[in-house]
Amino acid sequence: MADDDGEFMLVVGHRGKRTQCIKTGAKSVEALFKQGAERTEAELRAGPLVATKDKLTPHKATETVRQLAKSEDIRRLAAPARAAVSEIPGFSPSGGKFKLRCLGLGSPTNSSTARHQLAFLVAFARLLRKSVEKVELFDPVFTEFDELILRRDFQFEVTHDNLEGKEQVGDRVVYFMPHCCRSLFANLLRTNWSAERLSNVIIIGNDFASFVLNAIGPDMKRSTEAIKRVKPFTRAAPLGQYYPDCGAFSETSVQWFPAEGTQGAATFDSLPPAPIPDHELARRKA
């Protein structure tokens with residue numbers, strides 16, 4: 001609508017949470033509507049909500065993550081993770097570059113836990129900067145504000161294809177999967193179900209031993225079968241004890257699959273059953 005000066009007032013709202021009135025000229029209003037009324041970068045920086053304990057504006061979320069990434073607590077976590085990865089054959093500093101891929105981070109603008117985990121990813125990638133070719137992230141819960149700070153403020157890539165973990169690995173990849181559901185881990189393992197492919201995979205995430213120990217009932221045991229079969233050949237370096245916020249990194253380990261320990265193993269003669277998605281498990285329990 002136009003005000004008394006003949007300029008237009010563009011009203012911007014976000015899911016009913018907040019309304020902003022922005023004074024702008026008619027020409028810029030027309031441009032905005034031609035672009036589908038996309039938010040400007042200034043609006044994205046402001047974010048959809050006033051900051052609360054868990055929900056932060058994009059600008060504040062970035063500041064928080066950067067401060068956490070420089071903290072001694074995160075350094076104590078990232079340093080042993082870097083040391084473990086660097087000693088794994090094929091992932092040493094002299095072994096060439098590899099991809100760092102994060103699945104299931106959560107929303108950095110809406111979750112304190114996600115910000116702690118993103119801070120680890122930032123610090124870990126920095127320590128391995130000479131070895132990491134690129135950093136990619138995927139999570140279906142990412143908002144436009146999350147993608148903005150991941151791309152612009154941390155120079156990470158965000159992908160949008162939801163493969164539910166069914167990602168075939170060609171060259172070497174380090175996966176960071178903080179507290180992901182067991183079906184995601186199982187799908188990743190099944191899709192790369194050979195000694196050769198798994199030797200190119202490192203997983204930083206929930207310790208497999210915990211998944212196997214806590215698999216109760218036929219449905220959950222089926223979803224854990226791939227993890228259970230590969231567990232005897234898995235090497236692990238626990239990390240959770242290095243961080244005081246146990247909720248963010250509890251039972252987290254660096255896990256890998258040495259080629260010399262898996263070649264010719266009967267484990268890979270047959271494919272484990274497909275896992276039942278966790279949302280389906282929850283529905284069956286309801």
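The values are calculated or read from the model by the stated rules, or taken from the named source; none is laboratory data. Small disclaimer: the values here were computed from a predicted structure and weren't measured. A quick note on method: Cβ atoms are made from the backbone with ideal geometry, for glycine too, and the neighbour counts reach across all protein chains shown. In case anyone asks, the SASA skips ligands and DNA or RNA and just uses the protein heavy atoms, side chains included. Shrake-Rupley method; radii C 1.70, N 1.55, O 1.52, S 1.80 Å.
Within the stretch 129-156, the only residue that satisfies the criterion of being in contact with a Ser or Thr (Cβ under 6 Å, 6 or more places away or on another chain) and open to solvent by 70 Å² or more (accessible area, probe 1.4 Å) is Val141.
Pairs linking a residue in the stretch 180-199 that is of a type in the set (S, T, N, Q) to a residue that is assigned to a helix (DSSP H, G or I) and open to solvent by 10 Å² or more (accessible area, probe 1.4 Å), with Cβ atoms under 6 Å and 6 or more positions apart or on different chains, are Ser183/Asp278; Ser194/Phe268; Ser199/Ala259. Listed by first and then second residue, the pairs linking a residue in the stretch 210-234 that is farther than 11 Å from Ser183 by Cα and among the β-branched types (Val, Ile, Thr) to a residue that is at pLDDT 90 or above and open to solvent by less than 50 Å² (accessible area, probe 1.4 Å), with Cβ atoms under 7 Å apart and 6 or more places separating them unless they lie on different chains, are Val212/Thr224; Val212/Ile227; Val230/Leu189; Val230/Phe257; Thr234/Phe208; Thr234/Gln255; Thr234/Phe257. If the condition is being closer than 21 Å to Gln117 by Cβ, assigned to a loop (DSSP other than H, G, I, E, B) and open to solvent by less than 30 Å² (accessible area, probe 1.4 Å), then the stretch 163-193 contributes Gly165, Glu167, Pro178, Cys180.
In the stretch 204-227, which residues are surrounded by fewer than 17 Cβ atoms within 10 Å (Cβ to Cβ) and of a type in the set (D, E, K, R)? Asp219, Lys221, listed by residue number. If you check Gln67 against the conditions, is it loosely packed, with under 13 Cβ neighbours inside 10 Å, farther than 30 Å from Ala186 by Cβ and modelled with pLDDT under 95? Answer is no for this residue. Of the residues making up the stretch 85-129, those that are among the hydroxyl-bearing types (Ser, Thr, Tyr) and assigned to a helix (DSSP H, G or I) are Ser86, Ser94, Ser112, Thr113.
Of the residues in the stretch 97-109, at least one is open to solvent by less than 60 Å² (accessible area, probe 1.4 Å), at pLDDT 95 or above and farther than 19 Å from His179 by Cβ.
Hey, can you tell me all the residues within the stretch 130-145 that are more than 15 Å from the chain's Cα centre (by Cα) and not in a helix (DSSP H, G or I)? Matches in the stretch 130-145: Lys130, Ser131, Val132, Glu133.
Taken as a whole, the structure leaves Leu148 outside the set of residues that are touching a residue at least 60 places away in the same chain (Cβ under 8 Å), part of a strand (DSSP E or B) and either within 13 Å of the chain's Cα centre (by Cα) or over 19 Å from Cys181 (Cβ atoms) (or both). Among the residues examined, Ile227 does not qualify as at pLDDT 90 or above, within 24 Å of Val169 (Cα to Cα) and part of a strand (DSSP E or B).
Please work out if Leu239 is at negative phi, open to solvent by less than 30 Å² (accessible area, probe 1.4 Å), modelled with pLDDT of 95 or more and of a type in the set (A, V, I, L, M). Taking the combined requirement at face value, the residue does not satisfy it. The residue that is farthest from Trp256 (Cα to Cα), counting only those in the stretch 74-87 that are touching a strand residue (DSSP E or B) at 6+ places or on another chain (Cβ under 8 Å) and open to solvent by less than 10 Å² (accessible area, probe 1.4 Å), is Ala81.
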